[in-house]
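Engineer: Got a structure here, written out as structure tokens. Questions coming.
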Amino acid sequence: MFERIKIEKEEGRGRDDVIRDGVIGERGRTEHPRTGDPKGPSSSAEHDAVRSRIIKLNDKLKKLNSYSSLLNILNLMSLTWHLVYLAQRLHTPC
């Protein structure tokens, strides 16, 4: 996530840019914010390389988020089971 933010800052993109489903679009922006150049500071080949790198980072972030969600669900299930176990032990005489 931090690497993606760093690349976007270097590229001159702000929070106004929309990154969704691996497609990068800009809201009504016709020129680069720092240079005023319609194409931006880099050529289209460099722009495509940066775009593909951002897409790869987005995919990696989605995969890590999926793993994290799965582990959170497993953790919730195991803690719930443990809570039920402890609750049953309360009713059992010592």
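The values are calculated or read from the model by the stated rules, or taken from the named source; none is laboratory data. What you see is a predicted model, and the numbers here were worked out from it, not measured in a lab. Counting neighbours? That spans all protein chains shown, and the Cβs are built from the backbone with ideal geometry, glycine included.
Engineer: Find the residue count for segment 46-94, including only residues that are of a type in the set (D, E, K, R) and either on the phi > 0 side of the Ramachandran plot or over 17 Å from the mean Cα position of the chain (by Cα) (or both).
Structural biologist: 3
Engineer: Any residue at all in segment 61-77 that's closer than 22 Å to MET1 by Cα and touching a residue at least 12 places away in the same chain (Cβ under 8 Å)?
Structural biologist: yes
Engineer: State the number of residues belonging to segment 38-52 that are surrounded by 11 or more Cβ atoms within 10 Å (Cβ to Cβ) and at pLDDT below 75.
Structural biologist: The number of residues fulfilling the criteria is 4.
Engineer: Yes or no: segment 11-19 includes at least one residue that is surrounded by 10 or more Cβ atoms within 10 Å (Cβ to Cβ), modelled with pLDDT of 65 or more and not in a loop (DSSP other than H, G, I, E, B).
Structural biologist: Checked against the condition, which is being surrounded by 10 or more Cβ atoms within 10 Å (Cβ to Cβ), modelled with pLDDT of 65 or more and not in a loop (DSSP other than H, G, I, E, B), segment 11-19 yields at least one hit.
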